[in-house]
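**Q** To start, I am sharing the structure in question, which I have written as structure tokens.
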Amino acid sequence: MTKVRATDEQPRIRAKITNNWMDYPHNDLSSAAWYFLQRINKAFAESERADRIFPDMIACVTMMAFALEGYVNFIGAKLLDGKPDEWRKFEGAKVRDKIKAIRRLTGLQIDWNKRPYSTTTKLIDLRNILAHPKAHRAEPSEWLAEGTDSDFKRMLRDYEPAWVKIINQTFVDEAYADVEAIWKSLLAAAKIEEHEAWSGGSQGFELIDCLPPDQPV
């Protein structure tokens, strides 16, 4: 039994507490992605140095990738409610396989070669790289080239890993728009209203009786 210390101004009571709150983290992840997107676009508009913006872009695409998975999990949980075996299989699948499962369940039309769904390939790849970071050696590590001393210095100075080259303002803008478009298409296919995916619920307490000041709860 939970014990709550009474204040001098309020009498001690015994009560039944209810907390029927449902939390959907995809809302927080989407809000975080939007927050970083606004910072990024403001920084580019003010011509801020790209190396100062890049950490926000990493954070933004990471939040978007996690939000996408949260969206997909929410839809899957609703569609497979009461089917624990199917849900366990769904829960352990990769994100794109989960989307394919939703397509089978709802008849959703998907073209993986066009936006918004084509964006999921790069976004999920980035998510995996950032969530499970590993060393990547530059390839090729040696080759013959022709040019000037300055050309070679510039080439080496401007080297970026392949995953870094993907993350730019255009990709971040498109990825955010595409993830939100996918979310709306999943909701429509599953016949779920958007407000049903908001965190919330009912909370309260019911008085059982009043207690003397020195009686334990």
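The values are calculated or read from the model by the stated rules, or taken from the named source; none is laboratory data. All of these numbers come straight from a predicted model, not from anything done at the bench. Virtual Cβ from ideal backbone geometry, glycine too; neighbours counted across all protein chains shown. All accessible areas refer to the heavy atoms of the entire protein, side chains included, with ligands and DNA or RNA removed. Shrake-Rupley method; radii C 1.70, N 1.55, O 1.52, S 1.80 Å.
**Q** Measure nothing but the geometry: give the 0 to 90° angle between the long axis through the Cα atoms of 25-45 and the longest principal axis through the Cα atoms of the chain, rounded to 10°.
**A** 40 degrees
**Q** Also, I was wondering about something else. Can you compute the helix-only [θ] at 222 nm over the chain? Use -39500 (n - 2.57) per DSSP H run of at least 4 residues, normalise by all residues, nearest 500 deg cm²/dmol. Can you show the working numbers first?
**A** Numbers: 8 runs with 120 residues, N = 217.
Mean residue ellipticity at 222 nm (helix-derived): -18000 deg cm²/dmol.
**Q** If you roll a 1.4 Å probe over the heavy atoms of the protein chains, what accessible area per residue do you get for region 61-101, in Å²?
**A** Details: 2010 Å² over 41 residues.
Computed with neighbouring chains in place, this is 49 Å² per residue.
**Q** How far is helix 119-131 tilted off the main Cα axis of the chain, in degrees rounded to 10, range 0 to 90?
**A** 80 degrees
**Q** Right, another one. If you bin every alpha carbon distance in region 95-217 into 5 Å steps from zero, what whole percent lands in each bin?
**A** Histogramming region 95-217 at 5 Å steps yields 2, 7, 11, 13, 11, 10, 9, 7, 6, 5, 6, 5, 3, 2, 1, 1, 1, 1, 0 percent.
**Q** Would you report the distance distribution of C-alpha pairs in region 146-217 as whole percents per 5 angstrom bin, up to the bin with the largest distance?
**A** Each 5 Å bin holds this share of Cα pairs: 3, 10, 9, 9, 8, 8, 7, 7, 6, 6, 7, 7, 5, 3, 2, 2, 2, 1, 0.
**Q** Under 23 Å Cα-Cα from K153, which lysines qualify once same-chain neighbours fewer than 8 residues away are excluded?
**A** Here the lysines satisfying the reach criterion relative to K153 are K165.
**Q** If you don't mind, another one. Hand me the GluC sites (Glu not before Pro) from region 128-217 located in a DSSP loop with no more than 11 other Cβ atoms within 10 Å, in residue order please. Please list the in-between numbers first.
**A** Numbers: sites: E142, E146, E174, E180, E193, E194, E196, E206; in loops: E142, E146, E193.
Of the GluC sites (Glu not before Pro), the ones in loops of region 128-217 whose Cβ has at most 11 other Cβ atoms within 10 Å are E142, E146, E193.
**Q** Restricting attention to region 115-201, which trypsin sites (Lys or Arg not before Pro) occupy a DSSP loop and are surrounded by at most 11 other Cβ atoms within 10 Å? Walk me through the numbers before you get to the answer.
**A** On the way: sites: K122, R127, K134, R137, K153, R154, R157, K165, K184, K191; in loops: K134, R137, K191.
Filter output for region 115-201: K134, R137, K191.
**Q** Using only Cα atoms, find the angle between the long axis of helix 50-79 and the longest principal axis of the chain, and express it within 0 to 90 degrees, rounded to the nearest 10.
**A** 50 degrees
**Q** Okay, next question. Calculate what fraction, in whole %, of the accessible area of the chain sits on carbon and sulfur atoms when a 1.4 Å probe is rolled over the protein chains.
**A** Working: 7870 of 14980 Å².
Roughly 53 percent of what the probe reaches on the chain is carbon or sulfur.
**Q** Can you pull the one-decimal nm distance between simple spin-label points at I13 and A162, each 7 Å off the Cα toward Cβ?
**A** 6.4 nm
**Q** A further question follows. Have a look at the chain and give its Rg and Dmax from the Cα atoms, expressed in angstrom.
**A** Cα radius of gyration and Dmax of the chain are 25.1, 91 Å respectively.
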